[in-house]
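Data block below; observations after.
Bear in mind these aren't lab numbers, they're just calculated from the coordinates by the rules spelled out. None of these values were measured; they are calculated from a predicted model. Note that we place each Cβ from the backbone using ideal geometry, even for glycine, and neighbour counts take in every protein chain shown.
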Amino acid sequence: MDHTSPLETIFRRVALGVILVFFLFPIFWIVLMSFQTNEQILRIPPRVFFSPTLSNYKALISGELITTVGSLKLTFMHNLWNSFFLSTTSVLVALVLGVPAAYAFARFKFRLGEDIAFTLLSIRFAPPLLILLPLSLLFNEIGLSDTYIGLIWVYQLICLPLIVWIVRGYFEDISPDIEHAYRIDGHSWAQTFFRIAVPLARPGIAAAGLLSFIFAWNNFVFALILGSADKQPVTVGALAFVTAAGISYGQIAAAIVLSILPTLALALYAQRYLVEGLSLGAVKG
Amino acid sequence: MYEKERRLIEAFVGGRMSRRELFAGLGKLGVGAVAARYLLNDAVTSAMAADFDWMKHKGTHLKLLLNKHPYADAMIADIEAFKKLTGMDISYDIFPEDVYFDKVTAALSSKSSQYDCLMTGAYQTWQYGPAGWLVDLNEYINSDNTSSGWDKKDILPNLLASDSWSGKPGDALGGEGAKQWCLPWAFEQYCISYNKRIFDSLKLTPPQHMEDLIEAAVKITKSDNNAYGIGVRGSRSWATIHPGFLSGYVSYGASDFVMKDGHLKAAMNSPEAKKFTELWVKMIQEAGPKNWATYTWYQVGNDLGAGASGMIYDADILGFFQNNGDTKEKGNIGFHDFIANPEAKAPKSNVWIWSLAMSNFSKQKDAAWYFLQWATSKEHDLFGAIKGDMVDPARQSVWDNDDFKSRMGKNKGYLEQFEKTSPGAKIYFTPQPLFFNVTTDWAAALQRMVAKQVPVDEGLDQLADSINKQMEQAGL
C-alpha cells in the first residue's frame, strides 16, 4: 500500500525536476551554443530562440575554417581520433596487465605483495608534471618521445592503478571455494582464472575499464608534454579555438558535443555493468 | 611572362608603385586577381633570391613550435614562399596559447632537439636566455649568413632593444653586452579602444588622462546603455599588470624596481606609484566590470565586441580584432592614444612582442637562421600585415606602406594612435628572473585593494616588503 501523500509526491517531482535542470542545463546550453554563431552567442541578453547554423560542425568535420587570411586547417577530428585511440589502447593494455595482477594480489600472499600494490597506487598521488619532466628526458634518450607507444605506456600511470585496485576488490569478494572446486576437477590455475574468476568479476572489470577510459579520455598534460601537435587529444585540441583574435564559442561548444559522444555512448552501453559493478564492490556482506 | 606585366611587377618590387596601383595596372592588362597574386609572390621571391644564396640549405627540414595566433596563421599562409625561396622543407607544431608556454618550457628544459625555431615573448626569454636554451642571434645578424635585404634598421628600434638583454638583473634592455634572444615579429601597444556608438550617444570624446577617463567611464556606467565604463584585465596573473596598468603607471613616473647598492629594491610604494594606483583602483571600483578579478584578455575583448563595455585600456590589436571580427560592434570601435598623466607630454606604453627565437638544441642552426631571416623580413611582414592579421607589424617599412595604411585607416584613429604612441612604446619592466612571481603578486595585491580588503597605501607597502624579501631570498 502506498502511503505517500499527494503533496509529498508533488514535492518529490519538483525536487527531481530542479536537480535535473541543475545538472543538465549546462549540457543543454552547450548543445544550443553549438548551433549558433559567435555573434548570436555573445548577444546580451542571451536568447533561447535563434536561427540555427551547422557551420560550427561543418568546420570541425571538414577540418577547414574560412577566415580573412584564407582557409585554415583544423585538426579537431584528428585530435578526436587520438583521444579514442590512446584511451582505448591504454585501457586494453591496462586490462591485459592489470586484471591478472589484481587476481594475484587478491588470491596469493607473496613477498612484497602489498608494497608493490601500494607503489602502483602511489603513482596516482604524484603530480603529473613531477613525473613528466624526467620522463621527457628519458623518452628523448630512448626514442620514445612523440610516439604513440610512449604515450600508451605513460597512460598506464592513469589506467593501471585504477584497474588493479578496483578489480582486486571484486576478486576478493568472490568466494575462492568455487575456484578450489574447479581446481579439484583437475584444471590449472590459468584455466580457473579465465573460466571462473574473470567471468564472475566481469561487472567489476567493466566498471574499472570504463572509469579508466574516462580518466584517460580526460587527460590533458601527458600528450601535451610528450607528444607533438599530431598526437594531441581533444582536451588540448579544443583549446585551439581560443585565440588572441577571440574565442570561437560556437566551435568550442560543437567540439565539446562531439568529444563527449564516445564516452556517453560507452557509458550508456555499459551502464548496467557499471551500476552493478560499483554497487557490488561497495557492499560487503 | 609578358613584358608589360613584368615591368609593372618590377616597379612594385622596386618600391616605385603601390600594391593597389599594381593590381589596377594588371587588371587593365587582363590579368585576374588570383593570377596577379601568384605572379606577385613569384616576383617577390625572385627579388629576394637575387643577391643572396637562399638555396644554401636546400633539402634541410626544419621544425617550428608555434602558438595558435593570427600572426602564426599569416605565416603559415605564406610558408610556400619560404619553401620555394630556400628549397627547404618545413613543418610545425601549433599549440593553443593557454598551454603554449608549458610546451615550450618542457621542450627547452628537456634539451629536446625536436624544434629549431619557436615563438616567444621577451619576458619568457629572461628565463630561457640566461639558462642557455636560446641562441644569441647577434652571432648571425652580423655574419655573412645574413642577406643584405634583411634590414635591421627597419625593425622598430624599441622592439629590437626590448628583445635583447645581458642576463644581469637590472641591466637595461638593449644595453651594453645585451644578447639578442629573439627577433620581433609583430607586437601590441596599449591605447584606448572605445565604442563610438556609446560615446556618440553620450556626446563623449575619447579620454585624455586618468581623471578624464574615470569621469567618462562613470558616465557610461550610469547611463542606460546597458554597458559598464572601462574594461581592463584583473585576473591573478602577470597579464593583469603589463598592459594598461603598467603603461599608466610609468606615465606617472613610477617604476617597478630601483637599484640601491647593487641590489634591486621594489618601488611599487613610491609616491608616484601610490598616486597612480589610487586612481586605477578607483576607476575599477566605480566603472569597471563586476567580475573584474576574473578578467583576462578574452573577457576584456569580448565585452568590447559585444557592446558590454564603453571602452578598454588594453592592446590596440585587441580592439582591432573586435572591430574586424564576427562581433556585434564590428565597425563601431575607435582608437585613441592615451597619456595617463595630465602633466606628461607624450604617451608611454608597455608592449608585448611576439618574437621568433632559435633553440640552442637545434642541430641545424644555420638553416634555422635562414628561416628567421625570412619570417622577419620586410616582404613577409608586409604579406602578413596586408593579407593576414599580422598587426602591429614590427617593421617601419610596413607602417609606411600605402596599402597597409589604407587597410588600417578603416579603423578610426588606429594609425594616429600608433604614430603618437610608438615612440614611447617599449618594455618598461626591469628585467629580472622573478618577473612572473613579482607581477602575479602585484596583481593579487591589486585584487585586494579593489575588493577594499586593504587600503591602497598599506597594500602597496605590504607588496613592496614581500617582493623585497623574495628578491633577497633569491640573492637579487
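Determine the shape class of the range B:83-151: with a ≥ b ≥ c the square roots of the Cα gyration tensor eigenvalues, call it rounded for a/c under 1.5, and otherwise prolate if a/b is greater than b/c, oblate otherwise.
It comes out oblate by the Cα gyration axes.
Do the alpha carbons of any pairs in A:Lys73/B:Lys84; A:Lys231/B:Lys179; B:Lys84/B:Lys179; B:Lys330/B:Lys378 sit beyond 25 Å of each other, and which pairs? Please report the intermediate quantities before stating the final value.
Details: A:Lys73/B:Lys84 21 Å; A:Lys231/B:Lys179 35 Å; B:Lys84/B:Lys179 31 Å; B:Lys330/B:Lys378 30 Å.
Among A:Lys73/B:Lys84; A:Lys231/B:Lys179; B:Lys84/B:Lys179; B:Lys330/B:Lys378, the Cα-Cα distance tops 25 Å for A:Lys231/B:Lys179; B:Lys84/B:Lys179; B:Lys330/B:Lys378.
With the Kirkwood sum run over all distinct C-alpha pairs, the range B:218-304 has a hydrodynamic radius of 14.2 Å.
Structural size metrics of chain A, computed from C-alpha coordinates, are Rg and Dmax of 23.8, 76 Å. Taking the DSSP bridge list for the protein assembly as shown and keeping only pairs wholly inside it, about 70 percent are antiparallel. Compared with the dominant Cα axis of chain B, that is its longest principal axis, helix B:435-450 is turned about 40°. Two-decimal Rg/Rh of the range A:6-73 from alpha-carbon positions, Kirkwood Rh? For the range A:6-73, the value is 1.23.
Normalising the average separation of contacting C-alpha pairs (under 8 angstrom, six or more residues apart) by the number of residues puts the relative contact order of chain B at 22 percent. Separation of the range B:286-351 from the range A:144-165 is 45 Å, based on Cα centroids.
Rounded to a whole number, what is D in µm²/s for the range A:49-118 from Stokes-Einstein with the Kirkwood radius over alpha-carbon pairs (4 °C, 1.567 mPa s)? Rounded, D is 78 µm²/s. Taken over the range A:144-285, the alpha-carbon convex hull comes to 131 cubic angstrom per residue. Remark on B:Leu62: its backbone amide H falls under 5 Å from those of B:Asp89, B:Ile90, B:Ser91, a criterion applied only to residues 5 or more positions apart or on other chains, H modelled at 1.01 Å from N. Computed over chain A with a Gaussian network model linking Cα atoms closer than 10 Å, the most mobile of A:Trp29, A:Trp165, A:Trp81 is A:Trp29.
Strictly over 32 Å apart at the Cα level, which of B:Lys168/B:Lys290; B:Lys153/B:Lys348; B:Lys152/B:Lys265; B:Lys222/B:Lys348; B:Lys103/B:Lys196; B:Lys152/B:Lys348 would you flag in this model? Checking Cα-Cα distances, B:Lys168/B:Lys290; B:Lys152/B:Lys265; B:Lys103/B:Lys196 exceed 32 Å. With Cα atoms defining each centre, the range B:69-114 and the range B:120-191 are spaced 19 Å apart in the structure. Shape analysis of the range B:324-476 based on the Cα gyration tensor places the equivalent ellipsoid semi-axes at 35, 27, 14 Å, largest first. Looking at the range B:256-343, the trypsin sites (Lys or Arg not before Pro) that sit in a DSSP loop and have at most 15 other Cβ atoms within 10 Å of their own Cβ are B:Lys290, B:Lys330.
The alpha-carbon of A:Lys109 sits under 28 angstrom from the alpha-carbons of these lysines, leaving out residues fewer than 8 places away in its chain: A:Lys284. In the frame of its principal axes, the protein assembly as shown has Cα extents of 97, 68, 65 Å, reported largest first.
With viscosity 0.890 mPa s and temperature 25 °C, the Kirkwood radius over alpha carbon pairs of chain B converts through Stokes-Einstein to a diffusion coefficient of 104 µm²/s.
Once you order the gyration tensor axes a ≥ b ≥ c over the Cα atoms, which shape class does the range B:171-245 get: rounded for a/c under 1.5, otherwise prolate or oblate by comparing a/b with b/c?
prolate
Inter-chain neighbour count for A:230-242: the average number of beta-carbon atoms from partner chains within 10 Å of each residue's beta-carbon is 3.
How big is the gap, in Å, between the Cα center of the range B:202-248 and the Cα center of the range A:182-253? Here the answer is 47 Å between Cα centres.
Short to long, the 10 Å bins of the Cα pair-distance histogram for the range B:105-213 hold 11, 33, 24, 15, 13, 4 percent of all pairs. Across the range A:99-109, coupling constants 3J(HN,Hα) worked out from phi with the 6.51/-1.76/1.60 Karplus curve, θ = phi - 60°, read 5, x, 5, 4, 5, 4, 5, 7, 9, 10, 9 Hz, and Gly and Pro carry x.
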